[in-house]
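Below is one structure, written out as structure tokens; the observations come after it.
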Amino acid sequence: MSKFIKIAADGSHLPADAATEFAGILNLRDQIVTAYAGDKDLKQKDAEKACAKLTQIPGYTPWELISDKDAELIVDRRFCNPAVDPEEYPHIKSDWHWTRTPDASSPADFAWIVFFGTGNIIRSNRYYRYRALAVCRPLPASQQ
């Protein structure tokens, strides 16, 4: 049994082996949908904007750049390159990724980044360029 569901742009579920385009991947354990906001490395501010521009999936919250807490949910140090369970997050790349979480010691200049190669989370200057992983969540039934 698959640990994720591919989500189509209209919010419908696709089979795990679907060859068609999908808007995101819903992880069944964490209940978050993830998708890359492009293939380029971006400055942190541009990564946030790229995630916000993704087309919203009906029945899900708006897209936003992943937080450090969500990154910690995804990291699974039983694995390496990438440090995620490939049955839960088959699309996560072994690379550095921005989070939207500012570093409290210097929030204007630094934010947290995650390296999905090993699972390390460190701070970095917001002007460096890394990947942008977007997240959204299913809306509660009361909001649908």
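Every number in this text was worked out from the coordinates using simple rules, so none of it is lab data. Since the structure is predicted, the reported quantities are computational estimates derived from the model, not experimental observations. Here the Cβ is made from the backbone with ideal geometry for all residues, glycine too, and neighbour counts use every protein chain on show.
What the table below lists for this structure:
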quantity	calculated
Whole-Hz ³J(HN,Hα) from phi, Karplus 6.51 cos²θ - 1.76 cosθ + 1.60, for segment 90-98, glycine and proline x	x, 9, 6, 8, 7, 7, 7, 9, 5
Alpha-carbon centroids, segment 1-73 and segment 74-144: separation in whole Å	12 Å
Cross-link pairs beyond the 27 Å C-alpha cut-off, checked among LYS3/LYS49; LYS40/LYS69; LYS3/LYS45	LYS3/LYS49; LYS3/LYS45
Sites SER106 and THR55, calculated FRET efficiency, Cβ-Cβ separation with R0 25 Å, nearest 0.05	0.15
Local electrostatic count, PRO62, Cβ distance below 11 Å [Lys/Arg +1, Asp/Glu -1]	+1
Karplus-derived 3J(HN,Hα), 6.51/-1.76/1.60, for each residue of segment 75-88, Hz, glycine and proline x	4, 9, 6, 6, 10, 9, 6, x, 8, 9, 6, x, 7, 9
Read-out Rg/Rh (Cα atoms, Kirkwood Rh), derived from the coordinates shown; its label in (i) 1.04; (ii) 0.96; (iii) 1.10	(ii)
Amide proton proximity set for PHE4, modelled H, under 5 Å, gap of 5+	LEU28
Rounded if a/c under 1.5, otherwise prolate or oblate - segment 95-144, Cα gyration tensor axes	prolate
The chain: most fluctuating residue of ASP68, ASP95, ASP17 per GNM, C-alpha cutoff 10 Å	ASP17
Vicinal HN-Hα couplings computed from phi for segment 135-143 (Karplus, 6.51 cos²θ - 1.76 cosθ + 1.60; Hz; Gly/Pro x)	9, 8, 9, x, 6, x, 4, 5, 9
